[in-house]
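Below: one structure, written as structure tokens.
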Amino acid sequence: MTARRPPSAPNATPRRYSFERYLAAKRTVDDRALNAHVWQALADAAAGRASQASVQVLELGAGIGTMAERLLDRGLLPRMEYTGIEAQAKLAQRAGRRLRAWARRRRYDLSGQGNRLVLRRGSQETRLTFRTGDVLKLAPGLRGRAEVLLSHAFLDLLDLPTALPVLLATLRPGGLFHFSLNFDGVTAFEPAIDPALDGAIESLYHRTMDERRVDGRLSGDSRTGRHLFAALRAAGAQVQAAGASDWVVTPTGGGYPGDEAYFLHFIVHTLERALRPRPELDGRLLTRWVERRHRQIERGELTYIAHQLDVFGRVRGRAVSPSAPRTTRRP
Ligand SMILES: C[S@@+](CC[C@H](N)C(=O)[O-])C[C@H]1O[C@@H](n2cnc3c(N)ncnc32)[C@H](O)[C@@H]1O
């Protein structure tokens, strides 16, 4: 086995891990992964609301705010009143700081304080708020407020049958949802180390997702993508577009793009943390496997694939007319 690279070397295995940096590194991976057909369905429906003074957008599990950036970068809802809800206060605060810096770089006229920002450019005004809280606890207070409900790399952390009806109820009649990067039961690392061990690690990792508990209740599903369809139907929602949004990270032109080597090290580290307490797997085998995966990243040899699905649709009821008077308060 080769010696560890110094931490400053390209692709080096980090000594410490930061979830914030992981979320930032994930941005380019996600941009490639998002299903273009499903995104276009959202964009077409959003264009139908373009004449509104403001569109109420609610994002669940917003992390450091990369989806809000993406919406603006892609010009999807230039006049929106966006609220992102995130359980971890430090991430919600980071989102406020990140979006502020992002807006300055793009020369928006910027006002607002802390986690509330107002971005203006010409006749376009975007209001962004990053709130700290548990979406399942806050959702009842937001009933019927949102016109567009977003989640990205999030729903697989929940118990879909109980969570979906609560979350969809935040939408107004006829409201739209775009739920992206819903994990769907395939993790692959290439090249193989030992196919039997690779397979055992993959299935045990998925089992940790299925057995995840929050406040004593099961919360998480390694096949959320495929289970979404029946759960949405049961909750009275209509799917209008669906497609794959797999993460595929592979060295191109001799290295990994952006900060994607860090993203890969973080994924391997996450697997290690999930599997270390499991008695089903010999700890020494896990240690060796993890070491070898980190070395493959350092040498620019590892390819990682995670299968995920995106869905877009709407809830029943007539959409509120764009010309109807509305408040511009956040949902
Ligand atoms: C995998 S991260 C994705 C974050 C962001 N959507 C992104 O893709 O960059 C999931 C996020 O959901 C947050 N989260 C988990 N459960 C939550 C809950 N019940 N309410 C609000 N946020 C939650 C986590 O803190 C984490 O930041």
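Of the residues screened, residue 86 is not one that is crowded, with 22+ Cβ neighbours inside 10 Å, within 19 Å of the chain's Cα centre (by Cα) and in contact (Cβ under 8 Å) with a residue 60 or more places away in the chain. Checking each residue in the range 176-220 for being in contact with a Phe, Trp or Tyr (Cβ under 8 Å, 6 or more places away or on another chain), more than 30 Å from residue 48 (Cα to Cα) and among the hydrophobic types (A, V, I, L, M, F, W, C) picks out 188, 189, 193, 197, 201, 209. Under the condition of being acidic (Asp, Glu) and assigned to a helix (DSSP H, G or I), the residues counted in the range 166-209 number 2. Filtering 131, 116, 145, 127 for residues that are surrounded by 14 or more Cβ atoms within 10 Å (Cβ to Cβ), among the basic types (Lys, Arg), over 19 Å from residue 76 (Cα atoms) and in contact (Cβ under 8 Å) with a residue 60 or more places away in the chain leaves a single hit, 145.
Screening 258, 220, 216, 225 for residues that are within 15 Å of the ligand (Cβ to nearest atom), on the phi > 0 side of the Ramachandran plot and touching a Leu at 6+ places or on another chain (Cβ under 7 Å) leaves exactly one candidate, 220. Residue selection: residue 241 satisfies the criterion of being part of a strand (DSSP E or B) and buried (at least 16 other Cβ atoms within 10 Å of the Cβ). When residue 29 is tested against (1) touching a residue at least 60 places away in the same chain (Cβ under 8 Å); (2) more than 19 Å from residue 311 (Cα to Cα); (3) within 16 Å of the ligand (Cβ to nearest atom); (4) aliphatic (A, V, I, L, M), only condition (2) is not met.
Scanning the range 11-26 for residues being surrounded by fewer than 20 Cβ atoms within 10 Å (Cβ to Cβ) and outside any helix (DSSP H, G or I) gives a total of 6.
Taken over the range 163-183, the criterion of being aliphatic (A, V, I, L, M) and either under 26 Å from residue 213 (Cβ atoms) or under 19 Å from the mean Cα position of the chain (by Cα) (or both) is satisfied by 163, 164, 166, 167, 168, 169, 176, 181.
Just so you know, all these numbers are worked out from the coordinates, no wet-lab data involved. Model, not experiment: these values are computed from the prediction. Every residue, glycine among them, receives a Cβ derived from its backbone with ideal geometry; neighbour counts consider all protein chains shown.
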